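Peer 1: One structure is given below, represented as structure tokens, and several questions about it will come after.
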Amino acid sequence: MYENAIVKIPAVRYKGGSIEEIEEPVVVEDKITLHLNGRKYLTMVATNESLTELGAGFFVAAGIAKQILSVDVDGADVFVEADGVRCVDGALESSGGFAPEKAARVSAPDARITPDEIFAIREALNGDAWGETGGLHCTVLYHNHQQAAVFSDIGRHNTVDKAIGYMILNGLNPAECVIGCTGRQPIGMVSKAANAGIPIIVSRAASTSAGIAAAVESGVTLICFTRDRRFTVYAHPQRIEGL
């Protein structure tokens with residue numbers, strides 16, 4: 001699955017006074033160009049995997065498009081046709097991902113998750129790609145209490161776009177979905193889930209003050225520091241059974 005994401009690079013390892021020549025697995029850094037309705041939109045750093053999902057997810061997660069009509073991939077170019085396109089104010093995050101200034105409001109009154117499901121999502125993030133390279137982020141998409149898909153990328157924001165794209169292309173109900181992430185949850189990451197209508201985020205990392213505020217305002221349940229049978233909830237804990 002990750003044949004385009006990892007390459008072996010010669011290196012020299014120093015350990016305990018000894019020197020060893022090795023071949024180290026290293027994450028491939030590619031540049032992918034997104035086109036929207038026949039016009040070049042932007043070029044981004046990404047991993048050359050699951051580009052159809054990346055194209056579909058990026059524009060919905062950013063609040064730029066309401067409906068994806070088609071996605072075609074030609075090498076490193078991704079051509080997206082969409083309806084409901086609008087201009088969106090935003091900024092680049094510290095990771096280089098696009099962060100819309102305001103997230104949509106999530107309406108998912110029946111969404112629920114158990115602590116055991118939270119820990120299962122956390123465990124699913126411990127994939128081979130991260131273990132082999134230490135440089136690929138991962139997002140797990142859960143749907144209707146079952147794991148639906150897993151995506152890796154050099155950018156944490158891209159993994160979320162790919163998961164959202166998979167949800168869109170497969171016609172999954174956003175209110176029945178949960179996103180699990182390896183990465184930090186600043187405002188841009190939380191806004192992606194909210195704009196896609198996904199009510200619950202599970203992360204093994206931290207959030208930020210702006211990310212938490214976005215979760216509170218948009219109605220997203222934000223669960224961070226998920227590890228060792230513990231987690232911290234920053235917004236809307238009512239969706240977690242037993243809390």
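The values are calculated or read from the model by the stated rules, or taken from the named source; none is laboratory data. Since the model is a prediction, treat every value here as computed from it, not as a measurement. When we count neighbours, we look across all protein chains shown, and the Cβ atoms used for this are built from the backbone with ideal geometry, even at glycine.
Peer 1: Out of the residues in region 197-218 that are crowded, with 24+ Cβ neighbours inside 10 Å and in contact (Cβ under 8 Å) with a residue 60 or more places away in the chain, state the one that is nearest to residue 110 (Cα to Cα).
Peer 2: The extreme case among them is 199.
Peer 1: I'd like the full set of residues that are modelled with pLDDT of 80 or more, surrounded by fewer than 24 Cβ atoms within 10 Å (Cβ to Cβ) and on the phi < 0 side of the Ramachandran plot, limited to region 79-102.
Peer 2: Passing the criteria: 79, 81, 82, 83, 85, 86, 87.
Peer 1: In region 51-68, which residue that is among the small types (Gly, Ala, Ser) and over 10 Å from residue 161 (Cα atoms) is surrounded by the most Cβ atoms within 10 Å (Cβ to Cβ)?
Peer 2: 65
Peer 1: Residues that are free of Cβ contacts under 8 Å to residues at least 24 places away in the same chain, at least 3 per element: which strands (runs of 3 or more DSSP E) completely within region 1-74 meet that?
Peer 2: Once the strands (runs of 3 or more DSSP E) in region 1-74 are filtered for at least 3 residues that are free of Cβ contacts under 8 Å to residues at least 24 places away in the same chain, what remains is 6-15, 18-27, 39-46, 67-74.
Peer 1: Can you tell me which residues in region 181-212 are touching a Leu at 6+ places or on another chain (Cβ under 6 Å) and under 14 Å from residue 113 (Cβ atoms)?
Peer 2: Across region 181-212, the qualifying residue is only 201.
Peer 1: Being crowded, with 21+ Cβ neighbours inside 10 Å, out of contact with any strand residue (DSSP E or B) (no Cβ under 6 Å at 6 or more places or on another chain) and either acidic (Asp, Glu) or within 17 Å of residue 63 (Cα to Cα) (or both), is that true of even one residue in region 124-143?
Peer 2: Looking through region 124-143, none of the residues is crowded, with 21+ Cβ neighbours inside 10 Å, out of contact with any strand residue (DSSP E or B) (no Cβ under 6 Å at 6 or more places or on another chain) and either acidic (Asp, Glu) or within 17 Å of residue 63 (Cα to Cα) (or both).
Peer 1: In addition: Can you name every residue in region 142-198 that is in a strand (DSSP E or B) and among the polar types (S, T, N, Q)?
Peer 2: Those that are in a strand (DSSP E or B) and among the polar types (S, T, N, Q): 146, 147, 152, 185.
Peer 1: Moving on to the next point. Exactly one of these conditions fails for residue 232: (1) among the β-branched types (Val, Ile, Thr); (2) surrounded by fewer than 18 Cβ atoms within 10 Å (Cβ to Cβ); (3) within 25 Å of residue 27 (Cα to Cα). Give me its number.
Peer 2: Looking at each condition in turn, residue 232 falls short on (3).
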